[in-house]
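The values are calculated or read from the model by the stated rules, or taken from the named source; none is laboratory data. Just so you know, these numbers come straight off a predicted model, no measurement behind them. No Cβ is skipped: glycine too gets one built from the backbone with ideal geometry, and neighbour counts run over all protein chains shown. Ligands, DNA and RNA are stripped out before the accessible areas are found, and what is left, the full protein with its side chains, is counted by its heavy atoms. Shrake-Rupley method; radii C 1.70, N 1.55, O 1.52, S 1.80 Å.
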Amino acid sequence: MPLISFCSTIPSLPRDYPTSSPLRALPIIPLRLPSPETFIIIRDYIYTHSKPLLVTSLLAWTKGHRNAPARLSQLSAMELMRRARIVYGVYSNACKVGLADEEFWKCLQLAWKIILMALVNARKA
């Protein structure tokens, strides 16, 4: 249910869904996502609202994002592109579900900038 309260384009429950039944079960609503494998990052953020966890998940980094461009620039170009695809996948999913959380978008922008800086630093090296 938290997903519905933060996302503007999640389909609503079917009109014929029984609301007076003593047994409560939520129906399964299909949701086609551009990047299903990265949706867990959005789900985790919606449940925790942890900005550090979000940025760490976006960068696929386990030790936070302090001085991340320098550390990330030591990675191969293929690995940096893999991490860029993670951020792009999360971005695509967030657009698809209409995620309306300003802090989420700020963190996404920060992660993208960090990866771009790492790519620039790696190219200079």
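Among the residues of the stretch 29-44, those identified as assigned to a helix (DSSP H, G or I) and either closer than 15 Å to LEU110 by Cα or among the hydrophobic types (A, V, I, L, M, F, W, C) (or both) are PHE39, ILE40, ILE41, ILE42. Residues that are open to solvent by 70 Å² or more (accessible area, probe 1.4 Å) and either modelled with pLDDT under 90 or over 12 Å from the mean Cα position of the chain (by Cα) (or both) within the stretch 78-95 comprise MET78, MET81, ARG82, listed in sequence order. Summed over the stretch 85-118, residues that are of a type in the set (S, T, N, Q) and over 14 Å from ILE40 (Cα atoms) total 1. Pairs meeting the criteria (first residue in the stretch 33-55 and open to solvent by 80 Å² or more (accessible area, probe 1.4 Å) and at pLDDT 95 or above, second residue aliphatic (A, V, I, L, M) and not in a helix (DSSP H, G or I), beta carbons under 7 Å, at least 6 apart or on different chains) are lacking.
Look at the stretch 96-119: where a residue is open to solvent by 20 Å² or more (accessible area, probe 1.4 Å) and a partner is among the polar types (S, T, N, Q), sitting 6+ places away or on another chain with Cβ atoms under 6 Å, you get ALA100/SER8.
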